[in-house]
Amino acid sequence: MVRFSLQSLALAGLAVQQASAALPPVDFDDNKSIAAAAKLVAEDMLSFYPPYKGVLGWTIGILPGPPPDGDYYWWQGGAMWGTLLDYRHYTGDTSFDKYISDAMTHQVGANRDYNPRNWSASMGNDDQAFWGMSAMIATETGYTDPPPADAQWLSLVQAIVNEQTSMDRRAPDDGTPCSWGLRWQVYPTNNGYDYINTISNACYMNMASRLGRYFGNTTYLGVAERTYFFMKKLGYISDKYDVYDGAHLPKCDDINKFQFSYNSALLLQSAAYMYNATNGDAKWKTELDGLVKRTIEVFFGDQGIAFELNCETQKCTTDMESFKGYLHRWMASAMINAPYTRDTILPVLRSSAKAALKTCTGGDNGRMCGFRWRSGAFDVNMTLTWHFSLPQKLSAGHQMNVLGALVSTMNPASVKALRTNATGTSKGNFNAGSDATDLNAFAPITTGDKAGAGIVTAMIMAAALGAFAWMSLD
């Protein structure tokens with residue numbers, strides 16, 4: 001009781017201290033007003049990235065880390081560039097392009113698959129996929145292509161899907177419940193190699209569903225569908241559409257029932273892509289509706305303000321402090337792919353974003369953002385270390401959250417349509433990735449294929465598999 005009273009006093013004091021220098025007021029019915037505030041938040045987010053501040057000799061593309069050398073793991077760099085790519089798509093602002101392009105080409109790796117050797121000691125399938133999902137945003141939104149000799153955005157996504165289809169990445173196909181499930185970790189020497197988790201499988205489903213929509217390809221859509229219903233069969237997605245974190249080999253029956261918003265939101269976004277790609281198939285409408293309803297109930301509640309269920313009531317990791325931004329961005333994406341969901345989703349995104357802005361009164365510039373949006377105030381305690389339940393530092397994740405929240409509220413009618421293979425410019429490669437894959441060669445796309453939207457490219461997979469991994473909990 002005493003701790004909560006002291007916390008309330010600390011929050012009040014911080015709010016008073018910084019109240020005079022918050023972000024400008026936002027009119028949520030005016031995209032220009034939203035974009036103006038979003039740009040300031042984006043600039044503050046990039047202030048955590050040393051090259052943006054002119055620091056020389058920094059490894060391009062990554063935030064300071066990993067622990068103990070800094071707060072951030074490698075994957076959060078990929079997540080940040082994905083956030084900026086969404087911001088660019090919604091607002092049309094190209095002022096950060098140099099940083100995005102430099103970062104996303106620098107971290108590609110020798111096999112052109114976002115698996116650079118420097119990060120192999122902690123490489124998760126989900127870590128690799130977060131960079132891949134950012135490359136998919138670049139593909140879908142027509143972002144500037146790399147030079148022809150470099151790896152292309154579309155081929156990078158295909159490389160990751162190919163590699164994650166390999167049995168080297170998966171549980172043995174031996175008929176046990178978690179057969180062919182994608183593991184959390186890429187390499188057997190990494191802690192967590194025996195964990196079949198939701199985020200990795202959801203990432204794999206997400207990339208496959210988006211490639212399926214982009215190409216009009218039923219094979220990609222097929223593995224996305226198999227992955228989703230594999231998770232449902234295991235009980236990772238409950239009958240109520242609660243989404244749990246994962247379980248261990250050999251039986252995957254020790255389900256970790258922690259719920260994190262990014263797991264639910266990524267499955268929600270993926271189901272919306274499947275709904276779109278299958279022309280509104282009733283099966284995917286059922287799944288999407290269930291996920292939308294339950295995600296709002298669990299992570300927004302009656303207040304309509306994002307709340308990280310298994311983290312905010314106790315100490316959160318730096319990873320977890322970035323989840324709300326993905327929650328907002330992926331729900332906004334669902335509105336674009338399944339427009340009928342807008343009347344349900346947009347009101348909670350707006351009420352949540354409004355609450356988020358109230359926390360942006362901290363830092364030296366008086367507009368850095370907090371984490372606990374329901375507090376109504378900047379909640380980062382950088383002086384009283386006995387507040388173990390409060391964030392102790394300003395964070396790139398806090399800024400990512402608010403940036404994602406702001407762009408999620410913009411009127412999608414003014415946002416350019418996502419590209420397809422008929423309208424996009426990024427070059428694909430169905431044989432991309434390392435040699436360690438069980439994925440048979442895809443037929444190359446011809447000029448005629450590119451001209452005809454909806455043509456299904458001939459593809460054969462030797463192993464049609466799901467995918468799993470995890471980012472923040474050891």
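The values are calculated or read from the model by the stated rules, or taken from the named source; none is laboratory data. Values in this document were obtained by computation on a predicted structure and should not be read as measured data. Heads up, the Cβs are rebuilt from the backbone with ideal geometry, glycines too, and the neighbour counts pull from every protein chain shown. For the accessible areas, the whole protein counts, side chains as well, though only heavy atoms, and no ligand, DNA or RNA atoms are used. Shrake-Rupley method; radii C 1.70, N 1.55, O 1.52, S 1.80 Å.
Residues of the stretch 23-53 being over 11 Å from Thr91 (Cα atoms) and of a type in the set (Val, Ile, Thr), which ones?
Those that are over 11 Å from Thr91 (Cα atoms) and of a type in the set (Val, Ile, Thr): Val26, Val41.
Among (1) open to solvent by 10 Å² or more (accessible area, probe 1.4 Å); (2) in a helix (DSSP H, G or I), there is one condition Asp150 misses while meeting the rest; what is its number?
(2)
Just checking, does the stretch 172-183 include any residue being charged (D, E, K, R) and open to solvent by 30 Å² or more (accessible area, probe 1.4 Å)?
Yes, that holds for at least one residue.
Here is a list of conditions, (1) open to solvent by less than 20 Å² (accessible area, probe 1.4 Å); (2) modelled with pLDDT of 95 or more, and Asn381 meets all of them except one; can you say which number that is?
(2) is the only condition that Asn381 fails.
List the number of the failed condition for Glu297; all other conditions in (1) in contact with a strand residue (DSSP E or B) (Cβ under 7 Å, 6 or more places away or on another chain); (2) without any contact (Cβ under 8 Å) to a residue 12 or more places away in the chain hold.
(1)
Condition test on Arg342, is it touching a helix residue (DSSP H, G or I) at 6+ places or on another chain (Cβ under 6 Å), open to solvent by 10 Å² or more (accessible area, probe 1.4 Å) and of a type in the set (D, E, K, R)?
When the stated conditions are applied, Arg342 passes them.
Which numbered condition trips up Cys252, out of (1) at pLDDT 95 or above; (2) surrounded by fewer than 17 Cβ atoms within 10 Å (Cβ to Cβ)?
(2)
Within the stretch 68-83, count every residue that is surrounded by fewer than 23 Cβ atoms within 10 Å (Cβ to Cβ) and either free of Cβ contacts under 8 Å to residues at least 60 places away in the same chain or not in a loop (DSSP other than H, G, I, E, B) (or both).
Count: 3.
Looking at the stretch 384-394, which of its residues are open to solvent by less than 50 Å² (accessible area, probe 1.4 Å) and modelled with pLDDT under 95?
Answer for the stretch 384-394, where residues must be open to solvent by less than 50 Å² (accessible area, probe 1.4 Å) and modelled with pLDDT under 95: His387, Ser389, Leu390, Pro391.
Inside the stretch 395-429, can you point out the residues that are of a type outside the set (S, T, N, Q), in a loop (DSSP other than H, G, I, E, B) and open to solvent by 10 Å² or more (accessible area, probe 1.4 Å)?
Passing the criteria: Val415, Lys416, Ala417, Leu418, Arg419, Ala422, Lys427, Gly428.
Please verify whether Thr94 is open to solvent by 60 Å² or more (accessible area, probe 1.4 Å), modelled with pLDDT of 95 or more, hydroxyl-bearing (Ser, Thr, Tyr) and closer than 30 Å to Ala149 by Cβ, treating the condition exactly as stated.
yes
Please name all residue pairs, on different chains or six or more residues apart, with Cβ atoms under 8 Å, provided the first residue is in the stretch 172-194 and is part of a loop (DSSP other than H, G, I, E, B) and the second residue is open to solvent by 70 Å² or more (accessible area, probe 1.4 Å) and of a type in the set (Lys, Arg).
Filtered contacts from the stretch 172-194: Thr176/Lys251; Pro177/Lys233; Pro177/Lys251; Cys178/Lys251.
Which one of these is touching a residue at least 24 places away in the same chain (Cβ under 8 Å), closer than 30 Å to Asp173 by Cα, more than 19 Å from the chain's Cα centre (by Cα) and open to solvent by less than 10 Å² (accessible area, probe 1.4 Å): Ala272, Ala277, Ala247?
Exactly one of Ala272, Ala277, Ala247 is touching a residue at least 24 places away in the same chain (Cβ under 8 Å), closer than 30 Å to Asp173 by Cα, more than 19 Å from the chain's Cα centre (by Cα) and open to solvent by less than 10 Å² (accessible area, probe 1.4 Å), namely Ala247.
Filter the stretch 99-147 down to residues that are in a loop (DSSP other than H, G, I, E, B), within 14 Å of Trp75 (Cβ to Cβ) and in contact with a Gly (Cβ under 8 Å, 6 or more places away or on another chain), then give me how many there are.
Qualifying residue count for the region: 4.
Which condition breaks for Phe229 when tested against (1) open to solvent by 10 Å² or more (accessible area, probe 1.4 Å); (2) in contact (Cβ under 8 Å) with a residue 40 or more places away in the chain?
Every listed condition holds for Phe229 apart from (2).
Among Asn201, Asn217, Asn197, which is touching an Asp or Glu at 6+ places or on another chain (Cβ under 8 Å), of a type in the set (S, T, N, Q) and on the phi < 0 side of the Ramachandran plot?
Asn197
For residues that are under 28 Å from Asn197 (Cβ atoms) and out of contact with any Ser or Thr (no Cβ under 7 Å at 6 or more places or on another chain), tally how many sit in the stretch 139-159.
Result for the stretch 139-159: 6.
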